[in-house]
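Right, one structure below, let's go through it.
Quick note: the coordinates plus some simple rules give every number you see, no bench work behind them. What you see is a predicted model, and the numbers here were worked out from it, not measured in a lab. Positions of Cβ are backbone-derived with ideal geometry, glycine not excepted, and every protein chain shown enters the neighbour counts.
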Amino acid sequence: NAGVTQTPKFRVLKTGQSMTLLCAQDMNHEYMYWYRQDPGMGLRLIHYSVGEGTTAKGEVPDGYNVSRLKKQNFLLGLESAAPSQTSVYFCASSNGLGENIQYFGAGTRLSVL
Amino acid sequence: GENVEQHPSTLSVQEGDSAVIKCTYSDSASNYFPWYKQELGKRPQLIIDIRSNVGEKKDQRIAVTLNKTAKHFSLHITETQPEDSAVYFCAASIAGDSSYKLIFGSGTRLLVRP
């Protein structure tokens with residue numbers, strides 16, 4: 001039982017390049033979330049999904065797209081990376097039952113030059 | 001929408017002393033308040049949580065208190081140890097909201113001096 005796995009762990013992009021971050025969970029959770037973490041700003045929700053085939057915008061969705069084609073996977077895409085997207089990205093999942101205990105992946109550190 | 005403010009941003013205490021971190025929230029409908037601990041370079045991990053029908057919850061050296069009227073909640077760590085050094089995040093959620101979104105505070109960096 002690996003929990004929540006994020007790939008890659010590190011990535012450096014040039015401005016304008018695209019990439020996809022993968023989040024995979026093996027806990028059969030319905031809910032999945034993408035956050036970005038910047039110094040002094042805590043965790044901000046980018047997009048989330050309440051089930052396979054669904055996605056919704058969070059607090060800071062601009063410049064990102066997501067897809068949830070399979071229940072266990074939640075993909076975060078950057079179509080044209082900008083330096084402002086330099087951040088640490090965390091994926092989380094929860095079963096949505098009662099309290100919303102979210103389990104986090106180890107994070108992806110992304111630098112956009 | 002919900003907004004969560006967290007204070008202080010940094011906190012330095014002597015080993016063995018207590019530490020208190022405070023958060024306020026704006027949406028009176030919020031009813032679930034977790035606290036996450038994030039060690040340097042690691043993922044956030046839940047350490048304790050509280051629902052709005054409870055005023056206080058304890059788990060060994062950590063406790064959380066909630067004042068619904070004032071819309072604030074606090075994390076208390078007693079007998080601090082160097083391994084308590086980390087960044088702590090509070091969050092608020094509306095359990096029953098179909099998204100179960102968490103809105104996080106900006107974090108408190110706690111340093112426990114040996």
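Points to keep in mind about this one:
- If only the Cβ of Lys and Arg carry +1 and only the Cβ of Asp and Glu carry -1, the dipole of chain A around its Cα centre is close to 320 debye.
- Taking the number of Cβ atoms within 10 Å of each Cβ as an exposure proxy, the fewest-first ranking of A:TYR31, A:TYR103 is A:TYR103, A:TYR31.
- For the peptide B:101-109, the mean number of other protein chain Cβ atoms found within 10 angstrom of a residue's Cβ is 6.
- Total formal charge among the other residues, if their Cβ is under 13 angstrom from that of A:PRO61, Lys/Arg +1 and Asp/Glu -1: +1
- Charging the Cβ of each Asp and Glu at -1 and of each Lys and Arg at +1, and nothing else, the dipole of segment B:22-89 about its Cα centre rounds to 200 debye.
- At most 10 other Cβ within 10 Å, DSSP loop - trypsin sites (Lys or Arg not before Pro), segment A:1-79: A:LYS9, A:LYS14
- Nearby lysines by direct alpha-carbon distance to B:LYS71 (threshold 22 angstrom, same-chain neighbours under 8 apart not counted): B:LYS22, B:LYS37, B:LYS57, B:LYS58, B:LYS101
- Centroid-to-centroid, using Cα positions, segment B:40-114 and segment A:67-94 are 25 Å apart.
- Cross-link partners of A:LYS71 among aspartates and glutamates (Cα-Cα below 12 Å; sequence separation of 8 or more within a chain): A:ASP26, A:GLU30, A:GLU52
- Equivalent ellipsoid semi-axes, chain B, via Cα gyration tensor eigenvalues times 5, rooted, Å: 24, 14, 12
- For chain A, the equivalent ellipsoid derived from the alpha-carbon gyration tensor has semi-axes of 23, 14, 13 Å in decreasing order.
- Normalised by the number of residues in chain A, the mean separation of alpha-carbon contacts (under 8 Å, six or more apart) gives a relative contact order of 35 percent.
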